[in-house]
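J.: After the structure tokens below, expect a handful of questions from me.
Read the figures in this text as sums done on the coordinates, not as results from a lab. Here the structure is a predicted model, which means the values were calculated and not measured. Counting neighbours? That spans all protein chains shown, and the Cβs are built from the backbone with ideal geometry, glycine included.
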Amino acid sequence: MTPASNPNPSTWDPLNRRPVDRQPGDHHRARGQDPATTRSVLDRADVGRALTRIAHEILERNKGPADLLLLGIPSRGVPLARRLAARIADVESAVPVGALDVTMYRDDLRLRPARPLEPTDIPAGGIDDQVVVLVDDVLYSGRTIRAALDAIGDLGRPRAVQLAVLVDRGHRELPIRADFVGKNLPTSQLEIVRVHLDEVDGDDAVLIESPAVASGAGGRSERDTR
Amino acid sequence: MKRHLLSAADLDRDDALLVLDTAEEMRQLADRPIKKLPALRGRTVVNLFFEDSTRTRISFEAAAKRLSADVINFSAKGSSVSKGESLKDTALTLEAMGADGVVIRHSGSGAPHRLANSGWIRGCVINAGDGTHEHPTQALLDAFTMRRHLGELDGRRVTIVGDVLHSRVARSNVLLLATLGAQVTLVAPPTLLPVGVETWPCETSYELDGPLPKSDAVMMLRVQQERMNAAFFPTQREYSRRYGLDARRMGTLPGHAIVMHPGPMNRGMEISATVADSARSVIVEQVANGVSVRMAVLYLLLGGSEPALSAIGEPAVATASAPESVPA
């Protein structure tokens, strides 16, 4: 539903508050919407520093890169996982990195038209007895991560699963927390957090879009995710 | 609105590529310890087979089960159909059981179309072969197999040889491969080419040795004795000599070319045992790919609140109802 089609936020069906991320094109569809005001929260240098810190924290927590495996959640978690892996390789040694599509494990699969799948790429050694670090761009409701945990359960039995996110914007709907956070970002649920990455969007930034009239006319965008 | 997969022509290029890309993801499942995805949990898929089939029924059953759907198998033998129950009453029974998807194979061309557009059932209908008409999931798995070996199919040359007249596989393949940009040549004796084949988006030839050296893929069709009620060729031996693929003919293919057969094969008739078991033969792989492709179709039709395949179903309705201006 477009923002304009729902003038009164107080009457929204709770179903519509479900995460609706990872729709190809969503990210761009709402871009440049005129009623929203956009402010930048992290710029290129900030994103780089946050990732460097997370890479070190992952190594610190796990006492080195042994048995580590990074799994990015498409679409933007995958380039983030690759960048983290590159930083870990710079500091210590290379770790396997892959992608994990969770589309078919989502709890809102039935609520929307069938969606195309994103690539899943599990490193050759599998995930059994590894420490899997899930990587995503924004942590919001926690439903994506729940889906990812279910997907991991079908792939094997890791020794531990950890979660690294670039942005934690709060508003959890499930008992899930991140182990490594680039930036805690207190937001209103009316706001939209957008992560831009070079590999997908051609620039590195974290943006917050606020509806022009906070209490009504602008409404929530469809992609108010996680 | 519910949609169906009745004909390979229902798929436009984007839809066809979406199915093939989705199948590529589904294929990874075969290498995993737990070959199961939760996408269709709680959905019911009915395999409605009025005609004998081994690989298609098993393939659809495996595909639906790997997506966690409940599967009900129905074959005409041993059912009330042998007592004279009509397609309509069978369909109403299925509807009462709450079928979300119906996979139908029927000896009558157009039976899936009737089922989809009659209003008897609300579920998605997937054509698993109707008479001598169409077999769209076979065409999709053939295209999927070709794409894995040859890359994108634009400009690729595919030669389909044999009993085109009785082959729903050939018709669906011609339509889908044309959509995907491949050039198809049908090779058959004049008696085994259907009337109106000149309107199909393909070339035809009465002899096999010409097209072979230019072919990227050769698909041998089974000679369908059970549908032949007349003498279409003098002897099996003559057919085999002129249109069978043997080791000598296989030698004239380009180095990268693959040999396909939708099965079941008549070894020694349209394809020699040497060819069927050679390194170029991808016949066993076709069967494995069938499960992935059918998983993709089931997921895209039944996985969400509505199907992801945009064009499916509607054009067929439009053409079928065209003569409505003619007074009855």
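J.: Just counting partner chain Cβ atoms within 10 Å, what average do the residues of peptide A:103-114 show around their Cβ? Could you put the intermediate results ahead of the total?
T.: On the way: counts 6, 11, 3, 2, 0, 2, 8, 8, 2, 5, 9, 15.
Per-residue shielding by partner chains comes out at 6.
J.: Please state, rounded to one decimal and in Å, the Kirkwood hydrodynamic radius that segment B:75-175 gives when every pair of distinct Cα atoms enters the mean of 1/r.
T.: Details: mean 1/r = 0.0653 Å⁻¹.
One over the average 1/r among Cα pairs gives 15.3 Å for segment B:75-175.
J.: Oh, and also: Near the amide H of B:Ser281, under 5 Å away, which other amide H atoms are found, from residues 5 or more places off or on another chain, if H is placed in the peptide plane?
T.: B:Val259
J.: Under the Kirkwood approximation for Rh and a Cα-based Rg, what ratio Rg/Rh is obtained for segment B:6-53? Spell out each step's value before the answer.
T.: Working: Rg = 14.4 Å, Rh = 13.8 Å.
On the Cα set of segment B:6-53, Rg over Rh gives 1.05.
J.: In whole Å, how far is the Cα centre of segment B:13-37 from that of segment B:238-285?
T.: So the separation of the two Cα centres works out to 28 Å.
J.: With n ≥ 4 as the cut-off for DSSP H runs, can you work out [θ] at 222 nm for chain B, using -39500 (n - 2.57) per run divided by the number of residues, rounded to the nearest 500? Present the calculation step by step, with values, prior to reporting the outcome.
T.: On the way: 11 runs with 116 residues, N = 328.
Counting only the DSSP helices, I get -10500 deg cm²/dmol.
J.: Calculated FRET efficiency, B:Asp154 and A:Asp198, Cβ-Cβ r, R0 51 Å, to nearest 0.05? Could you put the intermediate results ahead of the total?
T.: Numbers: r = 31 Å, r/R0 = 0.60.
That gives a FRET efficiency of 0.95.
J.: Given all pairs of different Cα atoms, what value in angstroms does the Kirkwood hydrodynamic radius of the protein assembly as shown take?
T.: Values: mean 1/r = 0.0384 Å⁻¹.
Averaging 1/r across every pair of different Cα atoms and inverting gives 26.0 Å.
J.: Within a 10 angstrom radius of the beta carbon, how do A:Val138, A:Val133 rank from fewest other beta carbons to most? Intermediate values should be presented prior to the final figure.
T.: Details: A:Val138 24, A:Val133 28.
So the residues, fewest neighbours to most, are A:Val138, A:Val133.
J.: Counting other beta carbons within 10 Å of each residue's own, what order do B:Cys202, B:Cys124 fall into, fewest first?
T.: Values: B:Cys202 21, B:Cys124 26.
Going from least to most buried by this count: B:Cys202, B:Cys124.
J.: Translational diffusion coefficient, Stokes-Einstein: compute it for segment B:190-261 using the Kirkwood radius over C-alpha pairs as Rh, at 20 °C and 1.002 mPa s, and state it as an integer in µm² s⁻¹. Present the calculation step by step, with values, prior to reporting the outcome.
T.: Values: Rh = 13.9 Å.
Stokes-Einstein gives a translational diffusion coefficient of 155 µm²/s.
J.: Let me make sure I get this right: for segment A:27-177, a, b and c are the square roots of the gyration tensor eigenvalues over alpha carbons, sorted descending. Under 1.5 in a/c it's rounded, otherwise prolate if a/b > b/c, else oblate. Which is it?
T.: Numbers: a/c = 1.89, a/b = 1.19, b/c = 1.58.
Judged from the Cα gyration tensor, segment A:27-177 comes out oblate (a/c at least 1.5, b/c at or above a/b).
J.: Please give the charge dipole size of the protein assembly as shown, origin at the Cα centre, charges +1 on K and R Cβ atoms and -1 on D and E Cβ atoms. Round to the nearest 20 debye.
T.: Numbers: 67 positive and 70 negative charges, 192 e Å.
About 920 debye.
J.: Find out how many positive minus negative residues lie around B:Pro254, taking Lys and Arg as positive, Asp and Glu as negative, among other residues whose Cβ is under 12 Å from that of B:Pro254. Don't skip to the end; give the middle numbers.
T.: Values: positive: B:Arg156, B:Arg157, B:Lys214, B:Arg280; negative: B:Asp216.
Once positives and negatives cancel, what remains is +3.
J.: State, in angstrom, two size descriptors of segment B:183-231 derived from its alpha carbons: Rg to one decimal place and Dmax to the nearest whole number.
T.: 12.0, 34
J.: Still on this structure: Using the number of other C-beta atoms within 10 angstrom as an exposure proxy, rank B:Arg147, B:Arg168 with the fewest first.
T.: On the way: B:Arg147 20, B:Arg168 24.
Fewest to most other Cβ atoms nearby, the residues stand as B:Arg147, B:Arg168.
J.: Between B:Thr274 and B:Lys35, take the C-beta separation as r, use R0 = 35 Å, and let me know the FRET efficiency to the nearest 0.05. Intermediate results must be reported in sequence, preceding the final value.
T.: Details: r = 33 Å, r/R0 = 0.96.
The pair B:Thr274/B:Lys35 has a calculated efficiency of 0.55.
J.: What does the extension gain come out to for A:Lys63 and A:Asp43, with contour length at 0.36 nm per residue minus their alpha carbon separation? Show your work: numbers first, answer last.
T.: Working: separation 20, 0.36 × 20 = 7.20 nm, distance 3.00 nm.
Taking 0.36 nm per residue and subtracting the Cα distance, the gain is 4.2 nm.
J.: Take each of the peptides B:210-218, A:108-116, average the number of other beta-carbon atoms within 10 Å over its residues, and list them starting from the highest.
T.: Numbers: B:210-218: 19.6, A:108-116: 17.0.
Ranked from most to least packed, the peptides come out as B:210-218, A:108-116.
J.: Please list the non-local residues whose amide H lies under 5 Å from the amide H of A:Gln162, H modeled 1.01 Å from N, same-chain partners needing a gap of 5 or more.
T.: Amide H neighbours of A:Gln162: A:Val132, A:Val133, A:Leu134.
J.: In addition: Taking every pair of alpha-carbon atoms in chain B, what share in percent sits in each 20 Å bin, from 0 to the bin with the longest distance?
T.: Per 20 Å bin, starting at zero, the Cα-Cα P(r) for chain B comes out as 32, 58, 10, 0 percent.
J.: Out of all DSSP beta bridges with both ends in chain B, state the antiparallel percent to the nearest 5.
T.: Details: 1 of 36 bridges.
Roughly 5 percent of the beta bridges in chain B run antiparallel, per DSSP.
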